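A.B. asks: My questions will all concern the structure given below.
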Amino acid sequence: MAETKPTRPRQQLGDGGGHQLQPPRTRSWRSSAEWLRSALFSAESSLLLVLVVLALIGVFWVLLRDTGFMSAGNFMNIVRQTTAVSVMAVATVFVISAGEIDLSFASVPPVSGLVAGMLLEDGGAAVVAAAAALAVGLLVGLVNGAITVLVGIPSFIVTLGMIGVLEGTARLISQERAIPIVNETYRAVFGGGSVGPVPVLLLWTLGIGALGAITLRRTPFGKAVLATGGNETAARYSGIRTGRIKIAVLVLSSMAGALAGLLYTGQLATARYDLGAADLLTTLAAVIIGGTALSGGRGFVVGAIAGSLLVGLVNNGVILLGFSTPQQQIFTGLIIVMAVALSAHRGGRRGTLR
């Protein structure tokens, strides 16, 4: 008698192999809608803001299709123009991730650039001028950090006051005159040089970006920064010296501003008291668009650099459309307001989206 093989019970929702079939169409639409809502509005995502900025760029692309707006040459110009902002954005990610705020970093470039320019004007070597400029950033950061941590004044207030000190210092030491930069080595390293076909400013952007990303994600210091911003009390009980972390990130921010001053003067071949006058708004917009949480504990260096390039594209499109400088500032300000509003909205709905 032939042996019969046992039959496998039929699975009502299976595919014959024990795997679940796709849910009904209505449930699938609900799941997709929930996923989309979470991707757009969750506290961990800045996708909606990025999409808005990309939509603006798309509009500019259509309006400026005959101007080479999206050409490789124009994009490289945007990279050059945003290098200083990208550098400051990387450091700002660390500051905000640690639960602090620095408003004075964009006022450091004029002072550091003028110090370097005056030393070069007196015949100083490029390396000496660069070291002196970075020392300015170190000093400013130490003052900001010491007052914030040791005296207990919020960094927002400390750095707001430091803006006035730095702007006044820049006007005082320069007498509101421009200082030409004629040192070819300095200009090649910090502005107009290249390594083969690659512009040196692109190398600065990639180098600082890679260093910042690795430091934040792969080193004990970066993890301590995120822990301090996420929960300072818990970080302190776990052995992290949160005061030192806060001083360190404020020093890092000011030194990034000093480096930005070197990059500006090298690129423009001029040191002025008003270098990077609108960089505070632009840098903050780049950092927020890049996904860094204003509440601290979460930061994305690569996202900040991408954000600076997106903002640079928007600003470039506004310029090509013939908008004036005040109108460009209005656009950047609107991006900031939108970014902060969406960030606050995500934070307020955190409990309902998980």
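A.B. asks: Name the residues whose placed amide hydrogens come within less than 5 Å of the amide hydrogen of Phe300, ignoring near sequence neighbours (fewer than 5 apart) on the same chain.
C.D. replies: Thr292
A.B. asks: Using only the Cα atoms of the stretch 220-261, what do you get for the radius of gyration and for Dmax, in Å?
C.D. replies: 11.7, 39
A.B. asks: Can you tell me how the stretch 67-206 classifies by the Cα gyration tensor, rounded, prolate or oblate, using a/c under 1.5 as the rounded cut?
C.D. replies: oblate
A.B. asks: Further question: Regarding the stretch 48-130, what's the average projected area of the Cα-atom convex hull, expressed in nm²?
C.D. replies: Average projection, Cα convex hull of the stretch 48-130: 8.7 nm².
A.B. asks: If I model the stretch 173-279 as equal point scatterers sitting on the Cα atoms and use the Debye formula, what is log10 I(q)/I(0) at q = 0.14, 0.16, 0.22 Å⁻¹?
C.D. replies: Log10 of I(q)/I(0), two decimals: -0.72, -0.83, -1.12.
A.B. asks: Within the stretch 236-250, find all residues whose amide N lies under 13 Å from a label point positioned 7 Å from the Cα of Leu142 along Cα-to-beta-carbon.
C.D. replies: Within reach of a label on Leu142: 248.
A.B. asks: Is the stretch 137-207 rounded, prolate or oblate when judged by the Cα gyration tensor, a ≥ b ≥ c being the square roots of its eigenvalues, rounded requiring a/c under 1.5 and prolate requiring a/b larger than b/c?
C.D. replies: It comes out oblate by the Cα gyration axes.
A.B. asks: Also, quick follow-up: Whole number in Å², please: accessible area per residue of the stretch 216-307, 1.4 Å probe, ligands, DNA and RNA not counted.
C.D. replies: So the stretch 216-307 comes to 39 Å² accessible per residue, rounded to a whole number.
A.B. asks: Same structure again: Within the accessible area of the stretch 162-310, what % is carbon and sulfur when the probe is 1.4 Å and the other protein chains stay in place?
C.D. replies: The C+S portion of the solvent-accessible surface of the stretch 162-310 is 63 percent.
A.B. asks: May I pose another question? Set the Förster radius R0 to 51 Å, insert the Cβ-Cβ distance between Arg177 and Asn231 as r into 1/(1 + (r/R0)^6), and round the FRET efficiency to 0.05.
C.D. replies: My answer for the efficiency is 0.55.
A.B. asks: What accessible area, in Å² to the nearest ten, does a 1.4 Å probe give for Glu121?
C.D. replies: 90
A.B. asks: Extent of the stretch 104-183 along each principal axis, from alpha carbon coordinates, in Å, largest to smallest?
C.D. replies: 43, 24, 15
A.B. asks: Continuing with this model, one more query. Take Val52 and Leu206, extend 7 Å from each Cα along the Cα→Cβ direction, and tell me the distance between the two endpoints in nm.
C.D. replies: 3.3
A.B. asks: Which value, in Å to one decimal place, does the Kirkwood hydrodynamic radius take for the stretch 253-326 when every pair of different Cα atoms is included?
C.D. replies: Over the stretch 253-326, the inverse of the mean reciprocal pair distance is 13.8 Å.
A.B. asks: Turning to a different aspect of this structure: Give the long-range amide H neighbours of Thr270: residues separated by 5 or more places, or on another chain, with amide H under 5 Å away, using H modelled in the peptide plane at 1.01 Å from N.
C.D. replies: Amide H neighbours of Thr270: Ile181.
A.B. asks: Sticking with this structure for a sec: Just to be sure I understand the model, the point goes 7 Å from the Cα along the line to the Cβ. What's the resulting Ile214 to Ala135 distance in nm?
C.D. replies: In this crude spin-label approximation the distance works out to 2.9 nm.
A.B. asks: Something else: Multiply the residue separation of Val128 and Leu321 by 0.36 nm, subtract the distance between their alpha-carbon atoms, and state the gained length in nm to one decimal.
C.D. replies: Here the segment from Val128 to Leu321 would lengthen by 65.3 nm.
A.B. asks: Can you give me the Cα centroid spacing of the stretch 182-251 and the stretch 62-104 in angstrom?
C.D. replies: Comparing the Cα centres of the stretch 182-251 and the stretch 62-104, I get a distance of 16 Å.
A.B. asks: Continuing with this model, one more query. Residue-wise, which Karplus ³J(HN,Hα) couplings in Hz belong to the stretch 315-331, taking 6.51 cos²θ - 1.76 cosθ + 1.60, θ = phi - 60°, and x for glycine or proline?
C.D. replies: 4, 5, x, 4, 5, 5, 7, x, 6, 7, 4, x, 5, 5, 5, 4, 4
The values are calculated or read from the model by the stated rules, or taken from the named source; none is laboratory data. Computed from a predicted model, the values in this text were never measured in an experiment. Using ideal geometry, Cβ is built from the backbone for each residue, glycine included, and neighbour counts are taken over all protein chains shown. To get the accessible areas, we keep the full protein, side chains included, count just its heavy atoms, and leave off ligands, DNA and RNA. Shrake-Rupley method; radii C 1.70, N 1.55, O 1.52, S 1.80 Å.
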